[in-house]
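What follows is one structure encoded as structure tokens, with my remarks underneath.
What follows is calculated from the coordinates using simple rules that are stated; it is not laboratory data. Please read all numbers here as calculations on a predicted model, not as lab measurements. Cβ placement follows ideal geometry from the backbone for every residue including glycine, while neighbour counts extend to all protein chains displayed.
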Amino acid sequence: LFSAKVMGDPFLVEEIGLLALKSAAGEGQNQSQDSHVLLLETFSKLLELVTLRHRLIEMSLESVHLARLYKELAWEMGFEEYHLYLRPVHFEFASHKDKVDHPPPVFITSLLEDSDRVDRYSPTTLVLAVSEVDDNQVGKFSFYTKEAILKLLFHSGVENMQVTLACQAAQKNALMVAVQQASFYHTSQWGCSADVKVSL
């Protein structure tokens, strides 16, 4: 997915930029677009794609480290590994009930033992956050070949990568808040929080 085979080689990246420019120039002649504007737009889009890829890799690694901390803290509090991936059962897989009443609101932790209402999904690796919104989104981009990168440049790939990065940022921030709250709870249980001094 994030192969450095092409993107790690600046000469190949330059070649991709020139191929994208050549392709855009063919379309630009039909629209009588200025060549300098076309050059600027093409290479700025390529630069944005490179930057988005880099930020997504960094943010994914940060999420993996935070997820590891979250699992350790959750385990100490008595929750199993699937607690990180808790999600409601999808409508398509829910069991049918004849009589439906409106129960009062409940916390997700009170439903942990109810497998009809909570999906105990626990993947082997932490997938990109965008897959929680759309499972097919991850398959829409690849950096393995020049052709795949060119496809990203022309078929709204940059916009899709921006959405993917935004989802990843939301997941990373949520994990960070959860780890901070859990670690604060953990330290306050041992009476360490009273000894903490804030220095400005």
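For the pair VAL177 and ILE57, label points projected 7 Å from Cα toward Cβ lie 3.0 nm apart.
Ranking of TYR185, TYR70 by neighbouring Cβ atoms within 10 Å, starting from the fewest: TYR185, TYR70.
Residues in the stretch 66-77 carry Karplus couplings, in order, of 5, 5, 5, 4, 4, 4, 5, 5, 5, 5, 5, 8 Hz; the curve used is 6.51 cos²θ - 1.76 cosθ + 1.60 with θ = phi - 60°, and Gly or Pro positions show x. Residues MET77, MET161 in ascending order of nearby Cβ atoms (within 10 Å, fewest first): MET77, MET161. Descending by average beta-carbon neighbour count within 10 Å, the peptides 51-57, 178-184 line up as 51-57, 178-184, the highest first.
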